[in-house]
Amino acid sequence: MDIDQITTPALLVDLDTMERNQRRLTDLFHGKAVRVRPHFKNHRVLAFADRQMAAGAIGITCARLWQAERLVRHGIRDVLVANEVAGEGLIREFIELSRAAPVIVGVDNIAVVDEMARLAGSERNLLNVVVDFDLGLRRCGVTDETAGLALARRIVDRGLSFRGVMGYEGHLQPLLPGPDKEKVVKEALTKLVGAKERLEHDGIPVEIVSCGGTGDCIIVSEFAGVTEAQPGSYLLMDSWYAPFAPDFEPALTVLTTVISRTGNERLVLDAGVKAISGERGLPSVLAYSGLLLKALHAEHAPIEIIDPAGAPDVGNRVQVRVHYHDGTVHLHRQMYGIRAGIVEDVFPIEHVS
Ligand SMILES: Cc1ncc(COP(=O)(O)O)c(C=O)c1O
C-alpha cells in the first residue's frame, strides 16, 4: 500500500525512527543492573510490546487493568499495573486476572488492601501488589516511609503477595537535562530506595523497586537499589517531550488532506482534536516551513499561509507532527507503519471495550 492510498486523517509511525529509539534504550540499559519494563499506555500496540520484550524488557508496565488483561491474553504474563485499583468491581477483575497470570498492582491505601483480602478469600496469596510511593508528583502514592511500612505490613498480614515498591517522578520528566535535573531526580530516587531499605530493615523482603520515565531513564539506569525502569514515551516520542529527552526522536505524524484553500491567506486540513491532541500546545506542519497551524477545531485545522511558495493545494496531503503522543494515540484505531514512503504494516491500537 502506498501512503497516498490511506484515508485521512490517519496516524503514521516512521518505523526507522521508532526502531532507532528502541535501539537507543536497549543500548542505554545494556549490562546494567537496572532492567526495563516499558510502559504500554503510550503506544497501546501489542506488536510493539512484543518488540520491547524481544529487545530485552523483563515485562510490561501499563496503566489500567484492561490493558494488563489484553497483554496477558496476548501472552505477556509479567505485567505491572503502575496505578491503583479501587472499588469492588475492579478488585474482582484483578482477582480474576490474577488467576491467569501474576499481574502486579500498585496500592497506597489500607482499606483497599483489606478489601482485596476480603474479596479474594482463600485466593488472597494470588494477588501481587507493590506499595506506591509519591515521589513529589502529588498524584497517587503514600507520602512517607512510615505510611509505606504500615501498608506493607498490612499486605503481609492480610496474606497478599507483597512484591516491592514503585513510584513515578513524573513532575521531573519535563526538565531539561543537566546537573539541576540530576540532583532532583536523585533525591526522588533516594526516597524510594530509602523506603525499600526501611522495609527490609523491618524484615519485609523487597524484590521490586520500579520507577522512572523517558526523561530521566539515563539517571535511573545507573541508580543503585532501583531494579527496573518504566519508560514509555521513548518509543514514539513527540515534539513536546523531545527537548527533555534528546536521545529519542519523534516518530509520529498525522496524515491529513487539504480540504480548503482561500487564496494565499489560509488553508484547512481535515484533522482537528478528534485526530490530534492540542492539550500540550499546537502541532507544526512537517515539510512546509511557510505554514503555521493556527488552531485545532473538532474536525478541522486552519493553517495560515506565511509563504505561498510551494504551499499545498486542495487535495494535497500534509503530515502534521504529533505534539503530545499520549493524548493522540488513543484517538485512533490503528497506526500505519511507514518505511521510505511505503506502508509496511498496520498496527491495531488497543481500546477499552
Ligand atoms: C506511572 C508511570 N510510569 C511510567 C510512565 C512513563 O513515563 P514517560 O512517559 O516519561 O516515559 C508514566 C507516564 O505517564 C506513568 O504514569
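The values are calculated or read from the model by the stated rules, or taken from the named source; none is laboratory data. The structure presented is a predicted model; accordingly, all values stated were derived computationally and were not measured. Positions of Cβ are backbone-derived with ideal geometry, glycine not excepted, and every protein chain shown enters the neighbour counts. Side chains are part of the model used for accessible areas, which takes the heavy atoms of the whole protein and leaves out ligands, DNA and RNA. Shrake-Rupley method; radii C 1.70, N 1.55, O 1.52, S 1.80 Å.
For this structure, a couple of remarks:
- Across L267, L255, L11, mean-square fluctuation computed from a Gaussian network of the chain (C-alpha pairs under 10 Å connected) peaks at L267.
- The heavy atoms of V273 offer some 70 square angstrom of accessible surface to a 1.4 angstrom probe.
- Prolate/oblate/rounded call for segment 82-146, Cα gyration tensor, a/c under 1.5 rounded: prolate
- Crossing angle, helix 15-29 versus the chain [Cα axis fit, 0-90 degrees, rounded to tens]: 30
- Partners for K32 among lysines (Cα-Cα distance below 18 Å; same-chain residues under 8 apart left out): K186
- Surrounding net charge for E69, when Lys and Arg each add one and Asp and Glu each subtract one, Cβ distance under 12 Å: +2
- Taking 15 Å as the straight-line reach from the Cα of K274, the aspartates and glutamates in range (excluding those fewer than 8 positions away in the same chain) are E299, D326.
- C-alpha long axis of helix 145-157 to longest principal axis of the chain, angle in °: 70
- Under 20 Å of direct C-alpha separation, and excluding same-chain neighbours fewer than eight residues apart, K191 reaches these lysines: K181, K183.
- Rounded if a/c under 1.5, otherwise prolate or oblate - segment 92-222, Cα gyration tensor axes: prolate
- Over all other residues within a Cβ to Cβ distance under 14 Å of R280, the charged ones net out to -2, with Lys and Arg as +1 and Asp and Glu as -1.
- By DSSP, the beta bridges lying fully in the chain are antiparallel in about 50 percent of cases.
- D180 accessible area, 1.4 Å probe, all protein chains in place, Å² to nearest 10: 120
- Coordinate range of the alpha-carbon atoms in the chain per principal axis, descending: 73, 44, 33 Å.
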